[in-house]
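Just below is one structure, and these are the notes that go with it.
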Amino acid sequence: MTKIPYVLNDGQFDALLEHLRGHNQLAAELMYHCGLRVSEVVKLRPEHIDLSKRRLFIEQSKNLKNRYVLIPTKMLVKLRDFKTIKTNRHNIYNAIKRIGKRMSWKISPHSLRHSYATHLLEKGMSIIEVQYLLGHSDISTTQIYLHTSLDKVQEHFDSLEKK
């Protein structure tokens, strides 16, 4: 059985950000708000950022695939003067794990990407669109993100029963 990563809500993510600084903070924001993997964050370059179209070009990610991801409005200012992430995968991983442990959350950097996908599904984006943004070749890989949306489905279901 696949282990399902922890999903943070916006309040928890804000609390996490309060404990991160500099490049680790920006890395976390790119994972949570754009759905990037840690490896994609550290490879991001200024020429990959198109602020006018609100897109990031992710070059040769997992399985050497290229893709575009969308930039939420709240990230535009933070990426305007982007140069490079001056840290590495291990520093980002360790910083997020350390803070998660302090908060008693079982999180990793992948939890931020997982939260991104889960929130998009909960807000009504189709699984096909989420698959595209995450760069998954197979829809079954994306389906892991459906499980946590069950709480939202239950809420919706309950509200329909009351009508």
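The values are calculated or read from the model by the stated rules, or taken from the named source; none is laboratory data. Fair warning: this is a prediction, and the values are worked out from it, not measured in the lab. Glycine gets a Cβ as well: all are built from the backbone with ideal geometry, and neighbour counts include every protein chain shown.
What the table below lists for this structure:
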quantity	calculated
Qualifying residue in the range 45-65 (condition: within 28 Å of Glu122 (Cα to Cα), in a helix (DSSP H, G or I) and not hydrophobic (A, V, I, L, M, F, W, C))	yes
Inter-residue pairs, beta-carbon under 7 Å, first part of a helix (DSSP H, G or I) and in the range 79-102, second among the polar types (S, T, N, Q), 6+ apart	Arg89/Ser39; Asn91/Asn24; Ile92/Asn24; Tyr93/Ser108; Ala95/Asn24; Ile96/Ser108; Lys97/Ser108
Subset of the range 10-40 (residues that are more than 17 Å from Leu79 (Cβ to Cβ), in contact with a Ser or Thr (Cβ under 8 Å, 6 or more places away or on another chain) and not basic (Lys, Arg))	Phe13, Ser39
Of the criteria (1) crowded, with 19+ Cβ neighbours inside 10 Å; (2) of a type outside the set (A, V, I, L, M); (3) more than 25 Å from Ala15 (Cβ to Cβ), which one Gly100 fails	(3)
Failed criterion for Ile4 (all others in (1) over 14 Å from the mean Cα position of the chain (by Cα); (2) under 17 Å from Leu70 (Cα atoms) hold)	(2)
Matching residues in the range 87-111 - criterion: being within 14 Å of Val38 (Cβ to Cβ) and either in contact with an Asp or Glu (Cβ under 9 Å, 6 or more places away or on another chain) or of a type in the set (S, T, N, Q) (or both)	Thr87, Asn88, Asn91, Asn94, Ser108, Ser111
Candidates Tyr116, Tyr132 - the one that is assigned to a helix (DSSP H, G or I) and in contact with a Gly (Cβ under 7 Å, 6 or more places away or on another chain)	Tyr116
Enumeration of residues in the range 69-89 that are surrounded by 11 or more Cβ atoms within 10 Å (Cβ to Cβ), β-branched (Val, Ile, Thr) and over 15 Å from the mean Cα position of the chain (by Cα)	Thr84, Ile85, Thr87
Pick from the range 104-163, criterion at pLDDT 85 or above and among the aromatic types (Phe, Trp, Tyr), ranking: nearest to Gln60 (Cα to Cα)	Tyr132
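Residues are listed down the side, and each one gets a yes or a no for (1) within 25 Å of Arg55 (Cα to Cα); (2) of a type in the set (Val, Ile, Thr); (3) under 18 Å from the mean Cα position of the chain (by Cα):
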| site | (1), (2), (3) |
| --- | --- |
| Ile99 | no, yes, yes |
| Glu122 | yes, no, yes |
| Val130 | yes, yes, yes |
| Gly135 | yes, no, yes |
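Quick grid of which residues meet (1) closer than 16 Å to Lys97 by Cβ; (2) of a type outside the set (S, T, N, Q); (3) touching a strand residue (DSSP E or B) at 6+ places or on another chain (Cβ under 8 Å); (4) without any contact (Cβ under 8 Å) to a residue 40 or more places away in the chain:
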{"position": "Tyr6", "(1), (2), (3), (4)": "yes, yes, no, no"}
{"position": "Asp14", "(1), (2), (3), (4)": "no, yes, no, yes"}
{"position": "Glu18", "(1), (2), (3), (4)": "no, yes, no, yes"}
{"position": "Ala28", "(1), (2), (3), (4)": "yes, yes, no, no"}
{"position": "Met31", "(1), (2), (3), (4)": "yes, yes, no, no"}
{"position": "Pro46", "(1), (2), (3), (4)": "no, yes, no, yes"}
{"position": "Ser52", "(1), (2), (3), (4)": "no, no, no, yes"}
{"position": "Arg55", "(1), (2), (3), (4)": "no, yes, yes, yes"}
{"position": "Ile58", "(1), (2), (3), (4)": "no, yes, yes, no"}
